[in-house]
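The values are calculated or read from the model by the stated rules, or taken from the named source; none is laboratory data. On a predicted model such as this, the values are computed, not experimentally measured, just so you know. Note that each Cβ is placed from the backbone with ideal geometry, even for glycine, and that neighbours are counted across all protein chains shown. The protein model used for the area step is the full one, side chains on, heavy atoms only, and it has no ligands, DNA or RNA in it. Shrake-Rupley method; radii C 1.70, N 1.55, O 1.52, S 1.80 Å.
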Amino acid sequence: MPQLSALDAQFLHFETATNVANIAGLAILDGDLNRADLQDLLERRLPYVPALRRKLAPVPFGLDHPYWMEEDDLDLDYHVREIGLPPPGDDRQLAEQVSRLHARRLDRGRPLWEIYLIHGLSGGRMGLYTKIHHAAVDGIGGADVLAALLDVSPEPAPPPAVPPERDEPPPGRAEMMARGLARLALNPAQAVRFAARAVPHLDEIPVVSRLPGSHLVSGLARKLAGAGQAPELPMLPAPRTPFSGPVSQHRRFAFVSLPLDEIKQVRKAFGVTVNDVVMAVCAGALRRWLAAHGSLPSRPLVAGVPFSLREAGVEGRGNQVAIMTAPLAVHVADPVARLHQVRQAMHRIKDRFSLAPARWLREFSESMPAALMGLASRSAFGLVGETAPPINVIVSNVPGPQFPLYVCGGRLLTHYPVSVITDVSGGVNITAFSYDGSLDIGVVTDRRMVPDAWELTRHLRDALQELREAEAALPH
C-alpha cells in the first residue's frame, strides 16, 4: 500500500495561493493531434503508469502522511482537455496560455495531473502541455510519465506483455490513525537521529550554512567520522536581486531552443562539460538581465541545482531529489573566466555529492511530525522568503534522448520544461532538456518580478553567442 514519503508530503504542504508545486512540460508537435486518439492511447497505457492512476487518501486529522489509492473510475474527459489559440497562434500566445495553466493548483480530490491539447499554433504545429504535482513525481519520475505517451516511431508500440501490477488498497481510517499515532511517538527519536546525521552536512543546508562556524563544525564532524576529505563548499550569502523574496500567484513563461552541437563545440574548445556550458550560459543571461535593470551584484548569485539521488544509488519510491547550492559567477565580465569559475564550482559540488549525496532534505522531512509539517512548511517558507532567501535562482539541466519521438503519430519537435518557483528559491527557474540535437530551455518567472520572461531567453541566445565568439578567437 503506497504511502507518501515525508518529502512527497512536503510538496503538498508548502503549497499556498502563491507557492504552487506543479512540474510540467510543453511539447510542440508537428501536426494537429486528435483528443480522442490521445485518450485512446492513455486508456491503453495508464495501467502501466501508477502516478497517473493514483489519488490522495488523507489520514484523519492529518496525523500521518496521506496514502495513495487507485482511482477506479478515471475521468479522462476531465484530465485531458483542449483549448485553441486565436490567430495568429504565435509562440508568445502559446507561452501566455501555459503561464496561466501552470499557476493553477491541481484538484486534490482527483489524480494529480492534467494534459492540455493546444490547437491553433502557427506553422502546422500544436502544443501539448502536461502538468503533474511534484508530490507524485520528481524530475526523473516525470520523465518516465512523459515516456509513457511517447513512441520511437509514428506507429504506437503495443502494450507490454507483462500484466500491470495494481496497488493494494490503503488501510481503513482506524488503522491509518493507529499508524499515525505510532509514528508520532517515534518522531522525537527520529529528530535526534537527524540532528546527529546532519552535523557533517551543515555546510550543505541553505540558511544553516550561513551561520557562523557551520563550515568548521561540519568539516570537523566529517573528519571525526572518518568520512575522508570531502571538498569544502563555499559560503554563499545570496545577494538581493529584483527576483528575490516572496512570489506572487502569477507566472510568466518563455522558451528557447539552442543548438546542442554549438554547446558541444564550446565544451570541447574549453575542456569543460556540457553542463558547465549550460550553467555558464545561464550565468551570462542573468548577468545581462541584471545589468540591464541596474541590479548587477558584486558577488555571485546562488543557484539551486537539483540532483537526482537515484543517480547516487539511492533507491526508493516517490521523490528522490536533493538540491545543492552553487555560485553563479554573474559578477565576472569575461565570458571565458565566467565559464571556468562555473566549472570549478560545479566540479567541487559534484565531487562532494559523489562522496556524500545530499540526503538532508529527505531526512529533515522524515524527522518532522506529520501533524505539524503543513504549518511548519508554510511558516518557514514565508519567514525565509521574507527575511533571508538562501537561493536566487533554480538552474537545472536534464539530458534527454537524441532521436525523434512521436505522440499518436505526430513528431515531437521540441520539449520545454515548465518548473517551479517559490518564496525560498526566488522568482526565476531556468530548466533545460536536451532532445534530438537541441537544448530546449523553459524559463518560468514571477510576473511581478520579471514581467518579460522572453527577455531572459534572448539573453540566453546572446550568452551562447558570446562563448562561441570566444571559442572562435582561440588560436588554432
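Answer yes if at least one residue in region 114-137 is within 21 Å of Phe433 (Cα to Cα) and part of a helix (DSSP H, G or I), and no otherwise. For region 114-137, residues within 21 Å of Phe433 (Cα to Cα) and part of a helix (DSSP H, G or I): absent. Filtering Asp72, Asp91, Asp138, Asp144 for residues that are at pLDDT below 95, acidic (Asp, Glu) and crowded, with 17+ Cβ neighbours inside 10 Å leaves a single hit, Asp138.
Conditions tested, residue by residue: (1) aromatic (Phe, Trp, Tyr); (2) modelled with pLDDT under 75.
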| residue | (1), (2) |
| --- | --- |
| Leu301 | no, no |
| Val305 | no, no |
| Leu309 | no, yes |
| Ala333 | no, no |
| Arg343 | no, no |
| Phe364 | yes, yes |
| Met368 | no, yes |
| Leu375 | no, yes |
| Leu383 | no, yes |
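Taking the criterion of being hydrophobic (A, V, I, L, M, F, W, C), more than 30 Å from Arg240 (Cβ to Cβ) and assigned to a loop (DSSP other than H, G, I, E, B), the residues of region 389-425 that qualify are Phe403, Leu405, Cys408. The set of residues in region 280-311 that are over 18 Å from Leu467 (Cβ atoms), in a helix (DSSP H, G or I) and open to solvent by 50 Å² or more (accessible area, probe 1.4 Å) comprises Ala292, Arg310, Glu311. For region 270-279, does any single residue satisfy the condition of being of a type in the set (Phe, Trp, Tyr) and either in a loop (DSSP other than H, G, I, E, B) or closer than 29 Å to Leu94 by Cβ (or both)? No: zero hits.
Here's the yes/no breakdown for (1) under 25 Å from His415 (Cα atoms); (2) touching a Lys or Arg at 6+ places or on another chain (Cβ under 9 Å); (3) in contact (Cβ under 8 Å) with a residue 40 or more places away in the chain:
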position	(1), (2), (3)
Pro2	no, yes, yes
Leu7	no, yes, yes
Phe11	yes, no, yes
Thr16	no, yes, yes
Ile23	yes, yes, yes
Leu29	yes, yes, yes
Leu33	yes, no, yes
Gln39	yes, no, yes
Pro47	yes, yes, yes
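The sole residue among Thr457, Thr431, Thr445, Thr414 that is among the hydroxyl-bearing types (Ser, Thr, Tyr), modelled with pLDDT of 95 or more, farther than 19 Å from Phe270 by Cα and in contact with a helix residue (DSSP H, G or I) (Cβ under 6 Å, 6 or more places away or on another chain) is Thr445.
Candidates are the residues of region 425-469 that are more than 21 Å from Ala103 (Cα to Cα) and among the polar types (S, T, N, Q); the one that is most open to solvent (accessible area, probe 1.4 Å) is Gln465.
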